[in-house]
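Structure, as structure tokens:
Where a number appears in this text, it was derived from the coordinates with a stated rule and is not lab data. On a predicted model such as this, the values are computed, not experimentally measured, just so you know. Note: ideal-geometry Cβ built from the backbone for every residue, glycine included; neighbour counts use all protein chains shown.
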Amino acid sequence: MLKPGDRVEVLDEDLEGKVLSVSGPEVEIETTEGFVLSFNAKDLVKTGGSLPDILPPEVDSISEVIKEKESSKKRKSVRVKPKERTQPPMEVDLHIGKLVAKTGGLSNFEMLNIQMETARRQLEFAMKKRIQKVVFIHGVGEGVLKAELETLFHRYENLKFYDADYQKYGLGATEVYIFQNY
């Protein structure tokens, strides 16, 4: 049996509140949003104990108390270490061993094409996902892949590229900064 002050939820609707009055099968409730609505008692489910009938004088409805309680919860901030802050969010390793299972039977030209296609796809992906920094790890070698990557990067107007962090990658990586046009 419902009585004034009981917490209730409405069946088949996303409504909850406090019972204000009961007259026969008709139950009047105040929703958490502050609306007063009438329902048949069979459409209500008691969800908890009674709520106090007397609210503090400065509070007009229960919804204000709930909002105040939720806003007072502390937000935990996550501290980002300085090294992590400067790390690029995306690295693309273009070493051929990382891209294909077997390199036997592939000519140098075919291997270079696989590496360049991977670089182009990853660059387009980064632009689409609005990733600002990408490091392409190409290795030192004879510099053919690095030269081809620079040719690829020159085709785009919205980026700049430079040697990546020497301490982390040595001479074998190029970092790309993509300008975000909003």
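Backbone phi angles across the range 149-158, fed through the Karplus curve with coefficients 6.51, -1.76 and 1.60 (θ = phi - 60°), yield HN-Hα couplings of 4, 4, 4, 4, 5, 5, 6, 9, 8, 9 Hz in residue order; Gly and Pro are listed as x. Distant-in-sequence amide contacts of D93, defined by a placed amide H-H separation under 5 Å and a gap of 5 or more residues or a different chain, comprise I137. Residue order for M127, M1, M111, fewest other beta carbons within 10 angstrom first, comes to M1, M111, M127. Our coupling estimate for the range 122-130, obtained by passing each phi through the Karplus curve with A = 6.51, B = -1.76, C = 1.60 and θ = phi - 60°, is 5, 5, 4, 4, 4, 5, 5, 8, 6 Hz, Gly and Pro reported as x. Taken about its Cα centre, the range 82-178 carries a charge dipole of about 400 debye when Lys and Arg each add +1 at the Cβ and Asp and Glu each add -1 at the Cβ.
Pairs of alpha carbons in the range 82-178 separated by more than 19 Å make up 39% of all such pairs.
Remark on D6: its backbone amide H falls under 5 Å from those of V19, L51, a criterion applied only to residues 5 or more positions apart or on other chains, H modelled at 1.01 Å from N.
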